[in-house]
Amino acid sequence: MFPILVMEFTIRKGIKSDLPQVLNLIKELATYEKAPDEVAVSIEEMERDGFGENSIYKFFVAETDNKIVGISLYYIKYSTWKGKCIFLEDIIVTEQFRLFGIGKKLFDEVVNVSKELKVRRLEWQVLEWNEPAIKFYEKVNSHFDSEWINCKLTDKEIQEYKL
């Protein structure tokens, strides 16, 4: 018989003073996703973009013993077909605190916001090799879209784009 591990944690709205710990979690995720050198955002940018005059994202944190161990970061987007939607950019739980249900609770909070705002769609992406995340999303009855292809221009490609 295996011991049952219980973790006490709280989920709350993120605040500006959380950003240093949030950025550390983002860097941890980048390492997990095999892209540790891709994080370019700074705390100053995150302050401006999340708490400035025209804030463009919000987040929840999971906290235990005054330490942030997880986040869910989301923003409002607009679909020409559906109207107001939420895009869940990331759920991040630090490695040693996975499997305690923290990710699920962070996801639940974004779903609650989606209900409160009466959005017509909640969207996110998952890397095809991230089996733990895929299994989680299967458990919550997610629709996996095989029809759409993700496209992007990097900051360098944007600057080099010929008008």
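Considering (1) of a type in the set (Phe, Trp, Tyr); (2) touching a residue at least 40 places away in the same chain (Cβ under 8 Å); (3) loosely packed, with under 15 Cβ neighbours inside 10 Å, the lone condition that Phe100 does not fulfil carries the number (3). Does any residue of region 124-132 turn out to be surrounded by 10 or more Cβ atoms within 10 Å (Cβ to Cβ) and touching a strand residue (DSSP E or B) at 6+ places or on another chain (Cβ under 8 Å)? Yes: region 124-132 contains one or more residues that are surrounded by 10 or more Cβ atoms within 10 Å (Cβ to Cβ) and touching a strand residue (DSSP E or B) at 6+ places or on another chain (Cβ under 8 Å).
Only one of the listed residues (Tyr78, Tyr74) is exposed (fewer than 14 other Cβ atoms within 10 Å of the Cβ), modelled with pLDDT of 95 or more and assigned to a strand (DSSP E or B). That residue is Tyr78.
Close Cβ contacts (under 9 Å, 6 or more residues apart or on different chains) running from residues in region 103-131 that are without any contact (Cβ under 8 Å) to a residue 60 or more places away in the chain to residues that are among the basic types (Lys, Arg) and buried (at least 17 other Cβ atoms within 10 Å of the Cβ) comprise Val113/Lys58.
Among the residues of region 114-163, those identified as among the β-branched types (Val, Ile, Thr) and not in a loop (DSSP other than H, G, I, E, B) are Ile134, Ile158.
Residue count for region 23-40 under the criterion of being in contact with a helix residue (DSSP H, G or I) (Cβ under 7 Å, 6 or more places away or on another chain) and aliphatic (A, V, I, L, M): the result is 2. Exactly one residue out of Glu123, Glu116 is charged (D, E, K, R), within 17 Å of Glu89 (Cα to Cα) and at pLDDT 90 or above, and it is Glu123.
Kindly indicate whether any position in region 36-57 is within 14 Å of Asp18 (Cα to Cα), in contact (Cβ under 8 Å) with a residue 12 or more places away in the chain and crowded, with 19+ Cβ neighbours inside 10 Å. Yes, region 36-57 contains a residue that is within 14 Å of Asp18 (Cα to Cα), in contact (Cβ under 8 Å) with a residue 12 or more places away in the chain and crowded, with 19+ Cβ neighbours inside 10 Å. Only residues that are within 22 Å of Cys85 (Cα to Cα) and modelled with pLDDT of 95 or more were counted in region 31-67, giving 11.
The values are calculated or read from the model by the stated rules, or taken from the named source; none is laboratory data. Quick caveat, the model's predicted, so the values are computed rather than measured. FYI the Cβ positions are ideal-geometry reconstructions off the backbone, even for glycines, and counts take in every protein chain you see.
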